[in-house]
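Working notes, structure below.
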Amino acid sequence: MSSHHTNPRALLNAAARNLIERIQRAGRPPMHVMTAEQARAFYDIGGPMLDLPTPAVDRVEDLIIPARDGHAMPARLYAPKAKASEKFPMLLYLHGGGFTIGSLTTHDVLCRQLSRLGHCAVVSLDYRLAPEHRFPVAVHDSWDALNWLHLHGSSLGLDGQRLAVGGDSAGGTLAAVCALMARDAGLKLALQLLFYPGCGDRQGTPSHHAFADGFLLDKDTVSWFFANYIDEADRSDWRFAPLNAPEHSGLCPAWIGLAECDPLVDEGVLYADALRMAAVPVDLEIYRGVVHGFVTMGRAIPDALKAHADAGHALQHAFES
């Protein structure tokens with residue numbers, strides 16, 4: 001488990017501390033007092049203001065991917081320029097936002113970065129959100145999209161046989177769950193790329209207490225997200241808490257990037273440990289002094305660029321091996 005300081009705020013680096021102070025001075029209402037629609041609109045406008053300027057990518061296309069119930073899921077494809085007969089491998093990317101907020105807009109810069117730095121195609125999925133669509137709809141949408149890319153990737157000029165899944169926060173949870181489902185279905189994945197994923201069913205770890213308030217993702221917001229998404233009775237389901245999966249052996253390799261000052265850091269470490277105990281190759285990076293959400297805050301927190309580069313390198317390596 002991560003070692004928690006008697007004064008957790010002392011762990012923050014200068015950029016993260018500065019960002020938190022600016023947000024506190026702005027006096028914005030916390031997300032958990034908003035409606036889901038208000039919170040989504042707020043994140044769609046406010047999120048990109050903290051992110052990097054939009055990096056250029058050669059190919060950007062809007063797609064529709066069908067879900068099992070006929071729902072048309074919007075998705076966006078990012079890819080480098082292909083040479084003749086070159087077919088890029090694909091990363092299905094599942095955005096964060098507590099299963100309640102987040103969109104193709106909020107994670108546009110990150111997906112562009114992963115495509116550029118990973119030399120691969122990235123498909124960002126607009127899976128259905130809670131509370132309108134509760135557990136397990138987001139799980140089904142994510143899994144349906146992964147299967148669709150495997151079967152139909154070649155129609156996009158991409159390699160449906162070389163496939164990875166990734167996400168941040170709630171999207172990291174969904175990506176870890178998809179990796180478990182892929183193993184069970186015999187679908188071979190190159191990598192699961194997890195930025196600070198939620199992995200446990202309760203907020204009981206030391207980091208949930210140490211970073212409960214004043215570190216961007218606070219305990220009231222986490223509770224609000226989960227109340228929107230899942231019934232109390234379902235919380236031990238491994239499709240919500242991948243740490244609870246009965247068996248972790250046979251999973252694809254994992255790259256896990258965590259923020260040190262994050263309520264979720266301990267469960268990310270526990271998940272890395274569970275995978276290693278099951279002989280799954282794991283590359284774990286803990287970015288010091290930063291907070292939950294930092295990978296989409298590159299303008300405010302420069303450590304995001306290092307995380308993008310590390311994740312890009314992991315993707316390249318996974319697709320080459």
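The values are calculated or read from the model by the stated rules, or taken from the named source; none is laboratory data. Computed from a predicted model, the values in this text were never measured in an experiment. Counting neighbours? That spans all protein chains shown, and the Cβs are built from the backbone with ideal geometry, glycine included.
Summary table below
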read-out: Residue under evaluation W143, criteria (1) modelled with pLDDT of 95 or more; (2) surrounded by fewer than 21 Cβ atoms within 10 Å (Cβ to Cβ), criterion not met; value: (2)
read-out: Condition check for S115: surrounded by fewer than 17 Cβ atoms within 10 Å (Cβ to Cβ) and farther than 30 Å from Q38 by Cβ; value: no
read-out: Matching entry among H308, H317, H292, H313 (being more than 13 Å from A179 (Cα to Cα), without any contact (Cβ under 8 Å) to a residue 24 or more places away in the chain and not basic (K, R)); value: H317
read-out: Filter result for the condition that a residue is at pLDDT 95 or above, within 26 Å of L216 (Cβ to Cβ), surrounded by fewer than 18 Cβ atoms within 10 Å (Cβ to Cβ) and among the hydrophobic types (A, V, I, L, M, F, W, C), over I286, I301; value: I286
read-out: Selection from the stretch 179-209 of residues that are within 12 Å of A245 (Cβ to Cβ), touching a residue at least 12 places away in the same chain (Cβ under 8 Å) and part of a helix (DSSP H, G or I); value: A179, L180, M181, R183
read-out: Members of the stretch 68-105 found to be surrounded by fewer than 17 Cβ atoms within 10 Å (Cβ to Cβ), among the aliphatic types (A, V, I, L, M) and in contact (Cβ under 8 Å) with a residue 40 or more places away in the chain, listed by number; value: A82
read-out: Residues of the stretch 100-118 that turn out to be within 15 Å of G293 (Cβ to Cβ) and hydrophobic (A, V, I, L, M, F, W, C), as a count; value: 3
read-out: Residue match in the stretch 216-228 (condition: out of contact with any Ser or Thr (no Cβ under 6 Å at 6 or more places or on another chain), surrounded by 22 or more Cβ atoms within 10 Å (Cβ to Cβ) and small (G, A, S)); value: no
read-out: Of all residues in the stretch 304-321 being buried (at least 23 other Cβ atoms within 10 Å of the Cβ) and among the aliphatic types (A, V, I, L, M), the one that is farthest from P55 (Cα to Cα); value: A318
read-out: Residues that are of a type outside the set (D, E), in a helix (DSSP H, G or I) and farther than 15 Å from D218 by Cβ, drawn from the stretch 11-29; value: L11, A14, A15, R17, N18, R22, R25, A26
read-out: Subset of the stretch 237-261 that is over 17 Å from A272 (Cβ atoms) and in contact with a helix residue (DSSP H, G or I) (Cβ under 6 Å, 6 or more places away or on another chain) - its residue that is surrounded by the most Cβ atoms within 10 Å (Cβ to Cβ); value: C261
read-out: Criterion: in contact (Cβ under 8 Å) with a residue 24 or more places away in the chain, hydrophobic (A, V, I, L, M, F, W, C) and under 19 Å from L189 (Cα atoms) - qualifying residue of A274, A259; value: A274
